[in-house]
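A quick write-up on the structure given underneath.
The values are calculated or read from the model by the stated rules, or taken from the named source; none is laboratory data. None of the values given here were measured: they were computed from a predicted structure. Here the Cβ positions follow ideal geometry from the backbone for every residue, glycine too, while neighbour counts run over all protein chains shown.
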Amino acid sequence: MKIDRLIGILSILLQKEMTTAPELAEHFEVSRRTINRDVEALCKAGIPICTTQGAGGGISIMSGYRMDRTLLTSRDMQMILAGLRSLDSVSGSGYYGQLMEKIQAGSSELISGKDSILIDLSSWYKASLAPKIATIQDAIENRHFLKFHYYAPSGEGERTIEPFYVVFKWSSWYVYGWCLNRKDFRLFKLNRMDRVSETDQKFTCRSVPLPDLSAEKVFPGGISVKVLFAPDVKWRLVEEFGPSCFTEADDGRLLFATDYTNEDNLITWLLTFGDKAEVLEPKEARRKIAQMMQKVAKIYEEDIGL
């Protein structure tokens, strides 16, 4: 639609100092003549667009022009502020707070004062999380190597990476970068990182694919799981896997079936249910849980008079 293309052209012009009609035509897959008509329509709408001929010329918006705030609705502004507040919750500086003040000061007529969305991304770790994110962001911006001590299930050790993205996914924060140890792109969980520091050494920015954060890629299945849960833990199953993750068995218990990624993680998760869960499959996990329960019983047998 033409209106979508006009908004798209305006967005590009607000972000870039200069572009050209051929570039816009290729981007929107229309003719150069169509772009010229669109530019003329924007001028008639009051957008001060300048065109210059010759080498280095092109299409631009007059220096100092400010976009009419009526392009944004009150709902648009509320969504922008909600996003900024969520970033401010994990910021180690006052940048996002200052940015919100600028937006609110210039758009008071669009802000109702009633916030409908409040997001805190810091969870329980704001004191340690915010400085880590700030250090990582500086390293990304400066193209400096990032060093840290990492605690992984396979062991702990020093890591050095080329950082590219700070990622919030699966209710946790990660840094995505090229690991010099593994010679590959990796995700590192911030809560497992200690002594995070930006080095003075620069790296040459390589071609970086966007991280594939699909559950199938990062947490591939492979372990078929069947568990019977007591009815009074239904709320946990719904919270973690949704209301369609189980069926009711003849005895009233909840038959849960899914694919799981890692057997150790599966066992750890099941143990949090205590005697409210009975593992049917895999048999190996059932056997390991029985062995662990015997060891736990020995630790506390004096207290229960065994």
Give T247, T204, T258, T199 a once-over and let me know the one that is touching a Cys at 6+ places or on another chain (Cβ under 9 Å) and β-branched (V, I, T). T258
Selection status of L13, surrounded by 13 or more Cβ atoms within 10 Å (Cβ to Cβ) and touching a strand residue (DSSP E or B) at 6+ places or on another chain (Cβ under 6 Å): yes
Evaluate the range 166-187: report whether one residue or more is acidic (D, E) and touching a His at 6+ places or on another chain (Cβ under 8 Å). no
Counting only residues that are hydrophobic (A, V, I, L, M, F, W, C) and either within 14 Å of the chain's Cα centre (by Cα) or under 15 Å from V166 (Cα atoms) (or both), which one in the range 118-138 is surrounded by the most Cβ atoms within 10 Å (Cβ to Cβ)? I136
When the residues of the range 254-303 are narrowed to those that are outside any helix (DSSP H, G or I) and among the aliphatic types (A, V, I, L, M), which ends up nearest to S154 (Cα to Cα)? V279
Looking at N181, N191, can you tell me which residue is at pLDDT below 95 and either in a helix (DSSP H, G or I) or among the β-branched types (V, I, T) (or both)? N191
Counting only residues that are at pLDDT below 95 and small (G, A, S), which one in the range 253-283 is surrounded by the most Cβ atoms within 10 Å (Cβ to Cβ)? A257
Of all the residues that make up the range 138-157, how many are in contact with a Pro (Cβ under 8 Å, 6 or more places away or on another chain) and over 11 Å from T199 (Cβ atoms)? 1
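Please verify whether the range 237-245 includes one or more residues that are part of a strand (DSSP E or B), closer than 30 Å to K132 by Cβ and either without any contact (Cβ under 8 Å) to a residue 60 or more places away in the chain or in the same structural domain as F168 (by TED's automatic domain parsing) (or both).
no
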